[in-house]
Amino acid sequence: MRIGLGGIWQETNTFAPRPTTWEDFHRYQLFEGPELVASLAGTGTELGGAIAAAREHRVQPVGLLFGAALPAGTVRRDAFERMLRTLVERTRAAPALDGLVLSLHGAMVVDGHADPEAEIVAALRAVLGDLPIGVTLDYHANVGPALARSTDVLCGYRSYPHVDMAERGAEALRLVVRMARSGARPDRHLVKLPLLTIPHAQEDAAAPMRQLLAAADALRADADVWAASVLPGFAYAETDRLGFTVYVAAGDRAARRARELAAMVWDRRAEFAAPLVSPDQAALAATAAPYPVVLVDVADNVGGGSPGDGTALLHALAHARATGAVAVLWDPAAVARAHEEGGASLSLPVGGHSDPRMGPPYPAAGPVRRYGPVSYLRTGSYMRGQRVDMGRVAVVEDRIGQIVLTERRVVPFDDDHLAAVGVRPRGARAIVAKGAIAWKAAFDGYAARAVYARTPGYCPASVDQLDYRSRPQPLYPLERDPGWEAKVSAALSPP
Ligand SMILES: [Zn+2]
């Protein structure tokens, strides 16, 4: 048996002005044909998990095309169309496939393509007819009925920070093999809730997601249930698919089970809130033990598409006379200057170049270490085994601590990126983490505590700070009391 593997993956922040280009995919992850299987085998990614499961089931994994880019602005049409064309061509040319596993995000937004993930599946469905297609989705997927209808089974992550990608890929492969061998297909039901939630209120270990994920897990424990997901979605991707999704695939009663799970989500809608402090209050927390304290730069969330060069917390740390901090900033121009100028120490303004609203440049000064192009292997729980390229790096020993300047944007989902340039966050007093929850995969094991700061950026902590041009209405909490049941529950007929 042969199962094709592919996908196009990005979390798109439509409020971030910098578009995502083909180069961004090419630079981060873009694999075709046998290279896909060779590169992703053994990694903690969705397709890495699918490859491992394929070998266990004596199934041959056939690499098609997989492209992923770091979260950023809207994907350019030509980038998407170029990858989709290759994916379709390779699927058509592949020798006799028995099914397909795709790794998609679910919150990708592409110029001129209203529902790109649904389009990917539809294009491949046109080649493969009724062969089984399984899709993995990010926890932050904004799923619409078209994707759920054209796919035989959706397997959404059930962790945030995301550490179950390989498990979901393995699950999708197992379900596709089961469908291919038995000819059976589950009934599927999607409920779209008019509910908008922010990332730092979606942690898997905290209420309400902990209880909602447990309820989905309890459903999945039933032998008759093939898949059950509660996906809180991504508020920063403006599409008509915006909002919370509940999905159940089962041999029987999928609709009833999905509606019951959705009712549970709706009952707890007011719990999706989390306390925040000002950057100054956050910096003050970094001047008293226990250490290290994680200062969470919620809005300049690199993994949510913000650039990662906001300086609000650096200025606040300097103002509080804090020392011993570790902070990473994306600043290719400062890195270039540090390399050109030479000298054992330097003083230069860093960060704050993407958007004046994200703080003025911070005046960094002190001894500097320079690194040529740095790449590292992820060894933690997030995408273990994946190689990441940071470009050139300069580390400045500033009065507030170590400021790591990188040529490429780096997500704080591991601490390997710090180890690669001799920075040890365990011994720091404060760690500035440009993310909402995903940093926990890296630092939660040894952080003494975390303080969430109301910083400026493209992932603001409150959805009423977002200027949506068009969005589904109503959406709680923007509209206080929408009803949901009658109009948004969709039964999905077999593809
Ligand atoms: Zn996500």
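None of the figures in this text is laboratory data; all of them are computed from the coordinates on show. Just so we're clear, the structure is a prediction, and the values are computed from it rather than from any experiment. Counting neighbours? That spans all protein chains shown, and the Cβs are built from the backbone with ideal geometry, glycine included.
Brief remarks on what is shown
- Distance between modelled label sites at R82 and D240, nm, 7 Å Cα→Cβ extension: 3.0
- The Cα atoms of region 279-460 give a gyration tensor whose axes a ≥ b ≥ c have a/c under 1.5, which makes the shape rounded.
- 3J(HN,Hα) along region 450-461: 9, 10, 8, 9, 7, 9, x, x, 8, 10, x, 6 Hz, from the Karplus curve 6.51 cos²θ - 1.76 cosθ + 1.60 with θ = phi - 60°, whole Hz, x for Gly and Pro.
- E479-R2 FRET efficiency (beta carbon distance; Förster radius 51 Å; 0.05 resolution): 0.55
- Once both labels are positioned 7 Å from their Cα atoms along Cα-to-Cβ, the gap between A123 and D416 label points is 3.0 nm.
- Counting every other Cβ atom within 10 Å of each residue's Cβ, M209, M390 order from fewest to most as M390, M209.
- Subtracting the Cα-Cα distance of R58 and H319 from 0.36 nm times their residue separation leaves 87.9 nm of extension gain.
- Stretched out straight at 0.36 nm per residue, the stretch from A184 to A206 would grow longer than its current Cα-Cα span by 4.3 nm.
- For the chain, calculated [θ]222 nm from helices alone, where every DSSP H run of n ≥ 4 adds -39500 (n - 2.57): -8500 deg cm²/dmol
- As a proxy for reagent exposure, Y28, Y160, Y247 were ordered by neighbouring Cβ count within 10 angstrom, fewest first; the result is Y28, Y160, Y247.
- Gyration tensor (alpha-carbon) shape descriptor, region 296-388, a/c threshold 1.5: oblate
- Relative contact order, whole percent, for the chain stands at 17, derived from Cα pairs under 8 Å and 6 or more residues apart.
- Footprinting exposure proxy ranking of E479, E32, fewest other C-beta atoms within 10 angstrom first, gives E479, E32.
- For region 203-253: relative contact order, % (alpha-carbon pairs under 8 angstrom, 6 or more apart): 31
- Placing +1 on each Lys and Arg Cβ and -1 on each Asp and Glu Cβ, with no other charges, gives the chain a dipole about its Cα centre of roughly 500 debye.
- Centre-to-centre separation between the Cα atoms of region 43-114 and those of region 415-450: 31 Å.
- Principal-axis tilt of helix 46-56 within the chain, Cα atoms, nearest 10 degrees: 50
- Across region 229-259, the residues whose backbone nitrogen lies under 17 Å from the label position 7 Å along the beta-carbon direction of D111 are 238.
- If R0 equals 22 Å, the separation of the Cβ atoms of V277 and Y446 corresponds to a calculated FRET efficiency of about 0.50.
- Average Cα contact separation per residue, region 44-153, under 8 Å, 6 or more apart, as relative contact order %: 27
- Principal-axis analysis of the Cα atoms of the chain puts helix 165-182 at an angle of about 10° to the longest axis.
- Prolate is the label for the chain. Its Cα gyration tensor axes, ordered a ≥ b ≥ c, give a/c of at least 1.5 and a/b above b/c.
- If R0 equals 35 Å, the separation of the Cβ atoms of R27 and A96 corresponds to a calculated FRET efficiency of about 0.55.
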